[in-house]
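*Asks:* Before I ask anything, let me first share the structure, which is written out below as structure tokens.
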């Protein structure tokens, strides 16, 4: 049993990267399993899982006259969020880059708006992109959406490159003050001058977590940006998975009967010599006992 090796094989086979780029391949192969998992979860976080969600519209979005101009793509997006249809064609084309050689905070394998503020951006085209028909045509205008569990919060329509607009934060906190889409830093006074949006963007590109002052209150992005340009959620997901794997391996060494009991509880019989493998499915992950076919799922 080598569950970490199983995980490494899965990540290397699944994470989009150019296999002909020897630098990228070599860097991925040399990463310790923890950093490799952060890289993997950074890529996964850019995707929008196709699950049914309740959809909430901000006050700013409902009042935006541009809704009429983009009525067809907006209907498609809202319906897709509600029904759990794939929205990947409307995401950045860079979702096809899970890792690039020499990756840093500003590399194309990082979505800094998402990793800082937890905001996805969706293009509002109506036909296939001319350069890559796997994606919808690119637009200067973008729909910004935040996702918490199975709920989608539609922030508003913004022009491309308005990545640090305070209007994004204001739309969220004005419409859903109790949801904490942008956590409030209590007990901290806003700075006298504050950062401009241009200064914030420069700090974000350096991987520096930067607060935002709105109406005398201080807020931070729920992504909790790291200096590597990844979010804290990617780090937490990687840490959790490694802890679960190590706990399982320790439990098998020290109390194998407890693992056998877990398999028996699923109506299967653990063989005398089990064959454990860590696997990922579309909806879950965990340890598969290959002889009995029992999957012991891990919480995520």
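*Asks:* Return the ratio Rg/(2.2 N^0.38 Å) for segment 176-241, where Rg is computed over Cα atoms only.
*Replies:* With N residues counted in segment 176-241, Rg over 2.2 N^0.38 Å equals 1.23.
*Asks:* Calculate the all-directions average of the projected area of segment 134-251's alpha-carbon convex hull, and give it in nm².
*Replies:* The directionally averaged projection comes out at 11.0 nm².
*Asks:* Quick one: helix 33-46 against the long Cα principal axis of the chain, what's the angle to the nearest 10°, folded into 0 to 90?
*Replies:* 40
*Asks:* A further question on this structure: Residue 257 versus residue 161, label points 7 Å from Cα toward the beta carbon: distance in nm?
*Replies:* With each label placed 7 Å out from Cα toward Cβ, I get 6.9 nm.
*Asks:* Please find, in a Gaussian network model of the chain (springs between Cα atoms separated by less than 10 Å), the residue of 234, 54, 258 whose mean-square fluctuation is greatest.
*Replies:* 258
*Asks:* What's the Kirkwood radius of segment 1-138 in Å, using all Cα pairs?
*Replies:* The answer is 17.0 Å.
*Asks:* Now for a separate question. For segment 235-297, what is the Kirkwood hydrodynamic radius in Å, using each pair of distinct C-alpha atoms?
*Replies:* For segment 235-297, the Kirkwood estimate is 12.3 Å.
*Asks:* Compute the relative contact order of the chain as a whole-number percentage, counting only Cα pairs closer than 8 Å that sit 6 or more residues apart in sequence.
*Replies:* 18
*Asks:* Can you give me the C-alpha center-to-center distance between segment 258-284 and segment 1-74, rounded to a whole angstrom?
*Replies:* Here the answer is 28 Å between Cα centres.
*Asks:* Taking the beta-carbon count within 10 Å as an exposure proxy, list 146, 66 from fewest neighbours to most.
*Replies:* Ranked by crowding around the Cβ, least crowded first: 66, 146.
*Asks:* Follow-up. Determine the relative contact order of segment 235-297: mean sequence separation of Cα pairs under 8 Å and six or more apart, normalised by residue count, in whole percent.
*Replies:* Relative contact order of segment 235-297: 21 percent.
*Asks:* If the convex hull of the alpha-carbon atoms of segment 60-99 is projected onto planes in all directions, what is the mean projected area in square nanometres?
*Replies:* 3.9
*Asks:* On C-alpha positions alone, give me the angle between the axis of helix 71-83 and the longest principal axis of the chain, in degrees, nearest 10.
*Replies:* Helix 71-83 sits roughly 30 degrees off the main axis of the chain.
*Asks:* Between residue 188 and residue 126, what is the label-to-label distance in nm when each label sits 7 Å out along the Cα-to-Cβ direction?
*Replies:* According to this spin-label approximation, the distance is 4.5 nm.
*Asks:* Now, a different point. Just how many % of Cα pairs in the chain lie over 25 Å apart, if you round to the nearest whole percent?
*Replies:* 56
*Asks:* For segment 112-127, list residues with backbone N below 11 Å from a point placed 7 Å from the Cα of residue 150 toward its Cβ?
*Replies:* Under 11 Å, as judged by backbone N against the label point of residue 150, lies no residue of segment 112-127.
All of the numbers you see were taken from the coordinates with simple rules; none came from a lab. These numbers were taken from a predicted model, which means no experiment stands behind them. Neighbour counts run over all protein chains shown; Cβ positions are idealised from the backbone, glycine included.
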